[in-house]
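Right, I'll just put the structure down here and ask away after.
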């Protein structure tokens with residue numbers, strides 16, 4: 001789904017009702033070369049992280065391994081979203 005949004009004179013972007021209902025009103029902004037990506041922020045980020053931690057058994061990992069794994073997953077997520085976006089644009 002591609003939806004157009006415009007920035008107002010104060011730098012605010014207004015998302016349509018459907019997008020707000022589906023994704024909420026708070027996002028992480030990922031700056032890419034020549035574009036930005038909005039990632040919906042979970043309603044309870046701490047609970048979301050705890051859930052991921054249990055699933056990934058993070059308590060058994062070293063901090064550097066956790067950081068590397070988080071960076072790899074974030075990069076995969078961004079790359080997948082870019083692929084989908086380019087596919088939708090074609």
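The values are calculated or read from the model by the stated rules, or taken from the named source; none is laboratory data. Since the structure is predicted, the reported quantities are computational estimates derived from the model, not experimental observations. Virtual Cβ from ideal backbone geometry, glycine too; neighbours counted across all protein chains shown.
For the range 1-19, which positions are closer than 16 Å to residue 85 by Cβ, exposed (fewer than 10 other Cβ atoms within 10 Å of the Cβ) and without any contact (Cβ under 8 Å) to a residue 60 or more places away in the chain?
Scanning the range 1-19 gives 3, 4.
Restricting attention to the range 20-56, report how many residues are at pLDDT 85 or above, surrounded by 13 or more Cβ atoms within 10 Å (Cβ to Cβ) and in a helix (DSSP H, G or I).
The number of residues fulfilling the criteria is 1.
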